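J.: Questions regarding the structure given below will be posed in turn.
Nothing in this text is a laboratory measurement; each read-out follows from the coordinates by a stated rule. Treat the numbers as computed from the prediction; the structure is a model and nothing was measured. Cβ coordinates were reconstructed from backbone atoms using ideal geometry, including for glycine residues, and neighbour counts include every protein chain displayed.
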Amino acid sequence: MSDFWAFEGAHMLAIVMIVILAAICLFVARNWGKQL
Amino acid sequence: MKAMKIARARHRILSVRWGYIWAFWCAVFWGAWYLPGTAVWHTPPYSLMSFESTDEFMLAAAVITAFNGIGALIFLFLWLAFLEKLGELWRTLSRFRTISKWYFLAAIFGGPCALFGSYLAIGFVGPIFAAVAALLYPIIGASLARLWYNEKITLRAAIGILVIVIGGVSIFAPGIMSESAAARELLWIGFVGGAMAAFGWGVEGAIAGRALDVTDPDVGITIRFVAEVIIWLFLILPGVALFFDAPVIAMVSATLNFWAILWLLLAGLSFGFCYVAWYKSFPLIGVGRGQAIGALYGVFAVIFLAIFAFQFPDWNFLLGLSLTVSGSFLMISESSDVVEVVRAPSAGMKSALTIVQAEKRGSRLHMKGYILRELAEAADNGLWDYEIMRAVFHEYGRKGDYWKGEIRVTLTDLFSGALIEEIEDALDDGRYFGENKILMKFKISPFGMKRMSETGLI
């Protein structure tokens, strides 16, 4: 991987983090209206 | 009576809280965007370029911005599919002359003006300057929202915005000094780019606010990206190839490799979700507050870059962090009574009853437009929220708790934007939206009628 990443596997961790955040956000978007 | 008061307070607090939660999601994704957004520059073909000429850099920035937009659009379609709103997209898009055109205008300010300006600022001055320049956008957005929409900005909110901006500037200040000292004679192009970023994003939020009044935010942001992708793919990139003889096709084909596409898709995902959260917050807490909380992205960007790229902040980060967090708390702790309706009521307009005209319905309206029209037709008699729910369920064949919630969200959004007024309330015994929830009867406001007239809904 390029010199941008801090350590071996950092790029994979970043990918996983963004995908998990996106999944949580989608779940929130689907359910927040029920609270109002 | 006490249960009623509790239900009312709960509803008010929840609607404002969700406005801030969405603005906060925007900040998280915007901060995360810096990871794939920077990684792509370290990936072939961009890592192999010398960028000795400004033309080469500008072309690279244009191609990356275009791919970023395509990635965002792909994930926004996924978002809409998950929320069962693809049909709403076509219904809204078909009202181009009266509604969608505002999103196309917003796309011009947000894409080729702000994002491209930001890349110019990165290239000619430096990334730190670009980030600071963009942090100033809430000032532009809040000022325009006040001017155009009569949006209420309390002294507390104004101080909050100012503190967040000062915090953002202090995060990046030492970096700017060193960047300016090292910069060369083309510095002014970078400064123009920085101004384009702050101006573009500020104006985009304010313009989008107009169309958001009468459309669903999830759908609105997707239309905005459809517009941006059209602008890049069919106007700017072909224009650059044709008139400047630039190797656009060669650069696009070189970009089509696994890692470059992966980073651009992830950048698109972060950017798209950041934007959709940004747009969702505007109707609930106002453009000024939504943009200011969104400006917390500076903090998240620095945190993510420290964790994943070991790019550690200097001492000034702690100062900036405490200032931006304090500014956010200043705004979030503002009484929900003040934020519940984000616009000042407008006087001197004709009453709903005198303007409304019975219009033959043509093609089916988008859902928010339909709700507004039902309320306009009910005039001063108004409609209960559960009556609106039944009408929507019947018209669009919807059912279930998810759609009940979506209709509540839409009504809260219209109420916060002062398009509708509450005329009566009652306590739900569990038959409609849930036990002990507040039921509200709404009527269209004079401002709502004005906005419907401007957007061709009446």
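J.: Cα convex hull of the stretch B:352-454: mean projected area in nm², to one decimal?
T.: Convex hull of Cα atoms, orientation-averaged projection: 6.4 nm².
J.: Based on the Cβ-Cβ distance from B:PHE258 to B:LEU147, what FRET efficiency comes out when R0 is 51 Å, to the nearest 0.05?
T.: It comes to 0.60.
J.: Sticking with this structure for a sec: Counting other Cβ atoms within 10 Å, keep those with at most 12, restrict to DSSP loop, and tell me which chymotrypsin sites (Phe, Trp or Tyr not before Pro) in the stretch B:180-250 are left.
T.: B:PHE244
J.: Give the Kirkwood hydrodynamic radius (Å, one decimal) of the stretch B:287-334, defined as one over the mean of 1/r across all pairs of different Cα atoms.
T.: Its Kirkwood hydrodynamic radius stands at 11.5 Å.
J.: If amide H atoms are built 1.01 Å from N in the plane of the peptide, which residues on other chains or at least 5 residues away come under 5 Å of the amide H of B:LEU427?
T.: Residues meeting the amide H criterion: B:LEU439.
J.: As an exercise, use a Förster radius of 30 Å and the Cβ-Cβ distance of B:PHE393 and B:LEU233 to find the FRET efficiency, rounded to the nearest 0.05.
T.: 0.20
J.: According to the square roots a ≥ b ≥ c of the eigenvalues of the Cα gyration tensor, what is the shape class of chain B, taking rounded for a/c under 1.5, prolate for a/b larger than b/c otherwise, and oblate for the remainder?
T.: Verdict is prolate for chain B.
J.: If you project the alpha carbons of the stretch B:58-144 onto the principal axes, what extent comes out on each, in Å, largest first?
T.: 44, 31, 22
J.: Along the charge dipole of the stretch B:352-454, Cβ charges K/R +1 and D/E -1, which of B:ILE371, B:GLY382, B:PHE433 sits furthest on the positive end?
T.: So the residue we want is B:ILE371.
J.: While we're on this one: Roughly how many whole Å is it from the C-alpha centroid of the stretch B:407-458 to that of the stretch B:1-58?
T.: Rounded to whole Å, the Cα centres lie 29 Å apart.
J.: If the limit is 25 Å between Cα atoms, which of B:LYS2/B:LYS399; B:LYS2/B:LYS450; B:LYS2/B:LYS368; B:LYS85/B:LYS399 go over it?
T.: Over 25 Å apart, Cα to Cα: B:LYS2/B:LYS399; B:LYS2/B:LYS450; B:LYS2/B:LYS368.
J.: Let me ask you something else. Express in % the proportion of alpha carbon pairs of the protein assembly as shown at distances exceeding 43 Å.
T.: 16 percent
J.: Residue separation times 0.36 nm, minus the C-alpha to C-alpha distance between B:ASP429 and B:SER47: what's the value?
T.: 131.2 nm
J.: Ok, one more. Quick one: if you stick a label point 7 Å off each Cα along the C-beta vector at B:ILE307 and B:THR54, how many nm between them?
T.: With each label point 7 Å from Cα toward Cβ, the separation is 3.8 nm.
J.: Given the rule -39500 (n - 2.57) for each run of at least 4 DSSP H residues, summed and divided by the residues of chain B, what is its mean residue ellipticity at 222 nm, to the nearest 500 deg cm²/dmol?
T.: Result for chain B, helices only: -23000 deg cm²/dmol.
J.: May I ask you to list the chymotrypsin sites (Phe, Trp or Tyr not before Pro) in chain A that are in a DSSP loop and have at most 16 other Cβ atoms within 10 Å of their Cβ?
T.: Filter output for chain A: A:PHE7.
J.: Report the FRET efficiency, 1/(1 + (r/R0)^6), for B:ASN316 and A:LEU13, where r is their Cβ-Cβ distance and R0 is 22 Å, rounded to 0.05.
T.: Calculated transfer efficiency: 0.25.
J.: I would also like to ask the following. Suppose every K and R has +1 on its Cβ and every D and E has -1 on its Cβ; what is the size of the dipole of the stretch B:352-454 about the Cα centre, in Debye to the nearest 20?
T.: Value, rounded to 20: 480 debye.
J.: Just checking the output field for B:260-268: average partner chain Cβ neighbours within 10 Å of each residue's Cβ?
T.: 1
J.: Would you be so kind as to identify all helices of chain B, as entire DSSP H runs, whose Cα atoms reach 27 Å or more along the helix's own axis and whose mean Kyte-Doolittle hydropathy is at least -1.0?
T.: Membrane-span-like by this criterion, though nothing is claimed about a membrane: B:2-39, B:54-82, B:155-182, B:187-212, B:258-285.
J.: Given points 7 Å out from each Cα along the Cα-Cβ axis, report the B:LEU162 to A:ARG30 separation in nanometres with one decimal.
T.: If labels sit at B:LEU162 and A:ARG30, their model points lie 4.5 nm apart.
J.: Same structure again: Where in the stretch B:426-458 does the label zone of B:THR98 land, with the point 7 angstrom along Cα→C-beta and an amide N cut-off under 15 Å?
T.: Once the point is set 7 Å along Cα→Cβ of B:THR98, B:448-458 turn out to lie under 15 Å by backbone N, inside the stretch B:426-458.
J.: Then there is this: From Cα pairs below 8 angstrom and at least 6 apart in sequence, can you work out the relative contact order of chain B, rounded to a whole percent?
T.: Taking the mean separation of contacting Cα pairs over the length of chain B, I get 28 percent.
J.: Pick out, from B:ILE74, B:VAL299, B:LEU284, the residue whose Cα sits farthest towards the positive end of the charge dipole of the protein assembly as shown, with +1 on the Cβ of Lys and Arg and -1 on the Cβ of Asp and Glu.
T.: Farthest along the dipole direction, towards plus: B:LEU284.
J.: Among B:VAL163, B:PHE310, B:SER50, whose Cα lies farthest out toward the positive end of the dipole of the protein assembly as shown, if unit charges sit on the beta carbon of Lys, Arg (+1) and Asp, Glu (-1)?
T.: B:VAL163
J.: What is the distance, in nm, between label points placed 7 Å from the Cα along the Cα-to-Cβ direction at B:ILE74 and at B:ALA173?
T.: Those two pseudo-labels are separated by 4.2 nm.
J.: Please say if the stretch B:128-171 is rounded, prolate or oblate, where rounded means a/c under 1.5 for a ≥ b ≥ c the square roots of the C-alpha gyration tensor eigenvalues, and otherwise the choice is prolate for a/b larger than b/c and oblate otherwise?
T.: It comes out oblate by the Cα gyration axes.
J.: Order of B:64-75, B:39-50 by packing, highest average Cβ count within 10 Å first?
T.: B:64-75, B:39-50
J.: Inside 10 Å of the C-beta atoms of A:4-12, what's the mean count of C-beta atoms belonging to other chains?
T.: 5
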